[in-house]
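Have a look at the structure below before the remarks.
The values are calculated or read from the model by the stated rules, or taken from the named source; none is laboratory data. As the structure is a computational prediction, the values presented were derived from the model and not from experiment. Here the Cβ positions follow ideal geometry from the backbone for every residue, glycine too, while neighbour counts run over all protein chains shown.
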Amino acid sequence: MKLKFGAKEESEIANMIAQVPLFSGIEKKKLKAMAETFTERKYDTGEVIEKEGDMGVAFYLVKDGSVEIQKGKKTIAKLGRGQFFGEMALLDRQPRSASVVASEPTTCLLMTKWNFAGFIQSQPKLALAVMRELARRLRETDQKLSE
């Protein structure tokens, strides 16, 4: 189910994303503009949100619930409220590197790759935050591989 937001919901989304570290430091006016670009989608437990190998078309922010990031049949990460996924395929224009599956009833906010690219280009603080998160995830993966 895909939902578009009214003014009240957009304001609530702007407030929510203001609390997400990724979006910290972005002006309220820009957050409101960003909130207007999101759509909401609900997923049932076990539903595949994104499939490894598919081309990326959206950036996802977990609003409620949780997801598992799976490489093959192995779960490599779990993400919950306020965490995001899908940015890598949008940044490097390569197929999805992993599948994402709802581990419980989950609601995600989606931003199209076109809107995401526009915000990355116009918001250096957002671009830096995405890079920091990618670096953190890479270090975490390196650590897991070395164990």
Notebook entry, point to check: Which is more than 21 Å from residue 119 (Cβ to Cβ), among the aromatic types (Phe, Trp, Tyr), crowded, with 17+ Cβ neighbours inside 10 Å and modelled with pLDDT of 85 or more, of 60, 43?
Noted result: 43
Notebook entry, point to check: How many residues does the range 53-71 hold that are in a loop (DSSP other than H, G, I, E, B) and touching a Leu at 6+ places or on another chain (Cβ under 6 Å)?
Noted result: 1
Next item on the list: Consider residue 135 carefully, then state whether it is over 13 Å from the mean Cα position of the chain (by Cα) and hydrophobic (A, V, I, L, M, F, W, C).
Entry: yes
Next item on the list: Considering every residue within the range 71-87, establish whether at least one is farther than 20 Å from residue 137 by Cα and either at pLDDT 90 or above or not acidic (Asp, Glu) (or both).
Entry: no
Note to self: Suppose we filter 76, 49 for residues that are without any contact (Cβ under 8 Å) to a residue 60 or more places away in the chain and either touching a strand residue (DSSP E or B) at 6+ places or on another chain (Cβ under 6 Å) or part of a loop (DSSP other than H, G, I, E, B) (or both); which single one remains?
What the structure shows: 49
Note to self: Can you find a residue that is under 24 Å from residue 33 (Cα atoms), part of a strand (DSSP E or B) and touching a strand residue (DSSP E or B) at 6+ places or on another chain (Cβ under 7 Å) anywhere in the range 91-104?
What the structure shows: no
Check: Within the range 113-147, which residues are in contact with a strand residue (DSSP E or B) (Cβ under 9 Å, 6 or more places away or on another chain), closer than 16 Å to residue 88 by Cβ and surrounded by fewer than 17 Cβ atoms within 10 Å (Cβ to Cβ)?
Finding: 133, 137, 140, 141
Notebook entry, point to check: How many residues does the range 91-112 hold that are among the acidic types (Asp, Glu) and exposed (fewer than 12 other Cβ atoms within 10 Å of the Cβ)?
Noted result: 1
Notebook entry, point to check: Quick one: how many residues across the range 28-40 are in contact with a Phe, Trp or Tyr (Cβ under 9 Å, 6 or more places away or on another chain) and exposed (fewer than 15 other Cβ atoms within 10 Å of the Cβ)?
Noted result: 2
